[in-house]
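The values are calculated or read from the model by the stated rules, or taken from the named source; none is laboratory data. The structure presented is a predicted model; accordingly, all values stated were derived computationally and were not measured. Because the Cβ atoms are built from the backbone with ideal geometry, glycine has one as well, and the counts that use them run over all protein chains shown.
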Amino acid sequence: MTRTAYRARIIHAKNEKEVEDIPDGMLVVDAKGRIESCGDYDPSFQDKVVDLAGRLVIPGLVDVHSHIPQLDERGKHGATLLDWLEHYIFPAERSFADERTVVDVATRFFKKLILNGTTMSGLYSTVHEDATNRCFEIAKASGVRCYIGKVMMDMHSPEGLLETTQDSLKKSERLCSKWHNAEGGRLKYAFTPRFAPTCSLELWKEVAKLSMDSGAYIQSHIAETKDENARVRELFPEFSDYVELFEDTKVLGPRTVLAHAIYLSDGEYRRLAKSGTKIAHCPTSNFFLKSGWMPVSKVEKAGVIYGLGTDVGAGISMSVFTQMRHADFTQLDCTITPVKAFYLATMGGAKVMGMEDEIGNFQKTKFADFNVIDICGVEPRYHLGGLSTDEVLSLLMYRGDGRAIESTYVAGKKICVDF
């Protein structure tokens, strides 16, 4: 078997408080794209060595929540979430009825993922079956990991995006059958009810069954704004709170990822944790729309697992580094340290995806998903060897973006924008 070793400074997270920093490290990747070892450089190594002198190797970045069709809506101001949806997002999603639009937008979206070092992401398409299928085909060609879902909306939805319950379920089931665990597991499916105000109880219940039967994910939004919570109380008065709606329909569980979770009670957070449900924390998006901020202290006290999401297009940046700094900026009662933010962007995100045994750091047998970083892409005057661990992670967190990404690998294979 042919092995390849990558010699560089290596930093990866062991947990949210501890990283391993190997100044002259060697990441050994086997022929199947899995990690054979990670440690100090061994000059006696007999197979191929890629010398990355002056460079840093980190795990691939994980973006747990984003929207493919919203790429070109970034930075378009809306007075409120609902106002922004009506003026920009719903028209953009309706445009995915046209295949040429899908190919154009989705191709650029996946190119930008690569340029920003994102190797795994949780993605929303639109209500269109054909568009979602094309998104999967483009994801396949790109080489990145992801799960994608056809958005499901069977009530109180705008013209052109409203489905019948049965059509929504049938189309989603077909897509799941075709794409879940495709490409050796690199591509996965996520059933994607948009959020409670646009989805009937019947839809939620059937989605829970489909996920259980297929092993696919469920992704949606919860408690992003106070107006949303009020609308849910109006539509579903039989439930005592937002989380009870999901409990009753059996949507919660370890393969369910709910975005935002800003306006929940302590008890609701505890019940999410007990169910194993994960949260996608999208600080830049929440900042942009002035939705509020997810209370990290409460989420962590409750024991909920969470990771970072760019939430394009409310999130104006596709860089997970941007989410790292905003995760800290938006917290008033606690500090998100560079070490912790780095963990959330890599191993923490992997846990949200239920993939901590496959990606997230450089433990043996995991897939070799990694980025080669040139710290001069942050600031030309810096020399990697002269920076401490905390200084390196701080620079990536507070000043980093895609310019620091020199190359990106998934399962030991270098991927690029020319797919």
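Report, by residue number, each residue of region 361-419 that is charged (D, E, K, R) and either in a helix (DSSP H, G or I) or in contact (Cβ under 8 Å) with a residue 24 or more places away in the chain (or both). Result: LYS364, LYS366, ASP369, ASP374, ASP390, GLU391, ARG399, ASP401, ARG403, GLU406, LYS413.
Scanning region 1-60 for residues being hydroxyl-bearing (Ser, Thr, Tyr), in a loop (DSSP other than H, G, I, E, B) and under 18 Å from PHE367 (Cβ atoms) gives a total of 1.
Could you tell me whether any residue of region 277-288 is surrounded by fewer than 16 Cβ atoms within 10 Å (Cβ to Cβ) and either under 23 Å from GLY185 (Cα atoms) or assigned by TED's automatic domain parsing to the domain that holds LEU82 (or both)? No. Note on region 289-316: residues that are out of contact with any Gly (no Cβ under 9 Å at 6 or more places or on another chain), closer than 14 Å to ALA261 by Cβ and in a loop (DSSP other than H, G, I, E, B) total 8.
Of the residues LEU115, LEU82, only one is out of contact with any Pro (no Cβ under 8 Å at 6 or more places or on another chain), farther than 26 Å from SER211 by Cβ and crowded, with 17+ Cβ neighbours inside 10 Å; which?
Numbers: LEU82 fails: crowded, with 17+ Cβ neighbours inside 10 Å.
Of the residues listed, the single one that is out of contact with any Pro (no Cβ under 8 Å at 6 or more places or on another chain), farther than 26 Å from SER211 by Cβ and crowded, with 17+ Cβ neighbours inside 10 Å is LEU115.
When GLU173, GLU159 are checked against the criterion of being assigned to a loop (DSSP other than H, G, I, E, B) and of a type in the set (Asp, Glu), GLU159 stands alone in meeting it. Does region 27-85 hold any residues that are at pLDDT below 95 and within 30 Å of PHE96 (Cα to Cα), and which are they? Correct list: GLY75, LYS76, HIS77, GLY78, ALA79, THR80, LEU81, LEU82, ASP83, TRP84, LEU85. For region 298-327, the set of residues classified as of a type in the set (Ser, Thr, Tyr), crowded, with 24+ Cβ neighbours inside 10 Å and either in the same structural domain as ALA13 (by TED's automatic domain parsing) or farther than 17 Å from SER265 by Cα (or both) consists of THR310, SER319, listed by residue number. Could you tell me whether region 201-216 includes any residue that is under 21 Å from VAL144 (Cβ atoms), in the same structural domain as LEU123 (by TED's automatic domain parsing), crowded, with 19+ Cβ neighbours inside 10 Å and not acidic (Asp, Glu)? Within region 201-216, one or more residues are under 21 Å from VAL144 (Cβ atoms), in the same structural domain as LEU123 (by TED's automatic domain parsing), crowded, with 19+ Cβ neighbours inside 10 Å and not acidic (Asp, Glu).
Would a scan of region 184-207 turn up a residue that is in contact with a Lys or Arg (Cβ under 6 Å, 6 or more places away or on another chain) and either over 21 Å from ILE279 (Cα atoms) or at pLDDT below 95 (or both)? Checked region 184-207: at least one residue is in contact with a Lys or Arg (Cβ under 6 Å, 6 or more places away or on another chain) and either over 21 Å from ILE279 (Cα atoms) or at pLDDT below 95 (or both). The condition of being buried (at least 24 other Cβ atoms within 10 Å of the Cβ) and closer than 30 Å to TYR409 by Cβ holds for only one of ALA196, ALA131, ALA141, that being ALA131. Checked against the criterion of being under 26 Å from GLY253 (Cβ atoms), touching a Leu at 6+ places or on another chain (Cβ under 9 Å), of a type in the set (Ser, Thr, Tyr) and crowded, with 23+ Cβ neighbours inside 10 Å, region 403-413 has no qualifying residue.
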